[in-house]
Amino acid sequence: MALLPILRFPDVRLKKVAAPIKNIDDGIRKLVADMAETMYEAPGIGLAATQVDVHKQLVVIDISEERNELRVFINPRIEQSEGLQEGEEGCLSVPGIYEKVERAERVTVRYLDLDGTQQSLTTDGLLAVCIQHEIDHLQGHVFVDHLSQLKQTRIRSKLAKQARVTA
């Protein structure tokens, strides 16, 4: 396993739309392991392949306190959503920034597991938010895209300042 570099907003590679995965092979399994290690180390609760500059439809999520319930979503698609909730979100690609974002309260997602078996999951709460957030990445969107232009400009400025300070 290896730690992967995480792209940082506003890197244009975060805008790329991920391609469906056609074969779940050892390369995909290694990518899942590396993404999980990267997510846990960051630390985060979700990571999309797009964030590590791999433009395939793959997401790993673990919202458990113990960090021992890794979920893998291959080619995920939200089939149904209902209700609205607003909550504060952050992102490994937008470090140190937290903003309120409106998302569906409950979602049903269809995806393949690591064995290539079609799965369907209906969920709400943090997992629903995380699934929507990570699928956004696969479609070339970052949570900042849900904010006003003014907030986006402020976030870009803050991240540029952080980069200068740490350089």
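Here are the numbers:
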| item | result |
| --- | --- |
| Sum of -39500 (n - 2.57) over DSSP H runs of 4+, divided by residues of the chain (222 nm, nearest 500) | -9500 deg cm²/dmol |
| Theoretical FRET efficiency, 1/(1+(r/R0)^6), r = Cβ-Cβ of residue 123 and residue 100, R0 22 Å, to 0.05 | 0.60 |
| Read-out Rg and Dmax of the Cα atoms in Å, derived from the coordinates shown; its label in (i) 16.8, 50; (ii) 30.2, 106; (iii) 15.5, 47 | (iii) |
| Cβ-derived FRET efficiency at R0 35 Å, residue 164 paired with residue 30, nearest 0.05 | 0.50 |
| Residues listed by number, the range 42-69, amide nitrogen under 19 Å from residue 78 label point at 7 Å toward C-beta | 45-51, 57-63 |
| Eligible lysines near residue 30 by straight Cα distance, threshold 25 Å, same-chain separation 8 or greater | 15, 16, 22, 56 |
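The numbers here are math on the coordinates, done by the rules we state, and not lab data. Given the structure is predicted, the values throughout are model-derived calculations rather than measurements. No Cβ is skipped: glycine too gets one built from the backbone with ideal geometry, and neighbour counts run over all protein chains shown.
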